[in-house]
Structure formats: C-alpha cells, structure tokens
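What follows is a short report on a single structure.
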C-alpha cells in the first residue's frame, strides 16, 4: 500500500540564497531542523520538520515556506482514528512532539 509518510515528505522549502543568516529559524525550531552555517543557515534535518510554521513566521526575508498545520499533527490525528502509533517525527519517537 502506497501512503504518504508525513515524516519523510513535508512541505518545507528553504532558499539559502535569500537567507541573511539571522538565525531566527534555529532559535524557534523545536526539532532543530536548521543549523548554523557560513553565510547562510543550513537545512540539516528536513525530515524532522513537523511543519509547525515557526521558522517561516520568524524569517525576516521569506527564505522559508511551509504549510503549517500538517506533519506531526496529521500523524497524531491519523493515529487517533486508526488506533495505531503514528508519531515520531522522523527520530524514532524521541522528539517528544507526541507526548
């Protein structure tokens, strides 16, 4: 059965050419998706993105786009309806997003 995996596929789009290296995305991301880089922030763990939208809302130059309200929330709701553990946000469940 082919189904969408919310931990491996997400809507996060990052343009490092627009980044001014302010580091706000690093500060606000609960899953440490971004790390410091030379000249611009680095998208390090895209698969860990839970699509909360904090990075996009805090980016002063619109270098980040994400459809907030999906991702981990989608998995939790699906798990509630199916009765199966659906959360983990790409890190084996240790992120705490579903606890």
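The values are calculated or read from the model by the stated rules, or taken from the named source; none is laboratory data. Computed from a prediction, not measured in an experiment: that's the story for all the values here. Quick reminder, even Gly has a Cβ in these numbers, built from the backbone with ideal geometry, and neighbours come from all protein chains shown.
So, restricting to helices (runs of 4 or more DSSP H) that lie completely within the chain, which ones have at least 1 residues that are over 11 Å from the mean Cα position of the chain (by Cα), surrounded by 13 or more Cβ atoms within 10 Å (Cβ to Cβ) and modelled with pLDDT of 95 or more?
Output list reads 24-28, 54-58.
Which of the residues that make up region 11-40 are touching a residue at least 40 places away in the same chain (Cβ under 8 Å), more than 14 Å from residue 59 (Cα to Cα) and touching a strand residue (DSSP E or B) at 6+ places or on another chain (Cβ under 8 Å)?
Listed by number, the list holds a single entry, 11.
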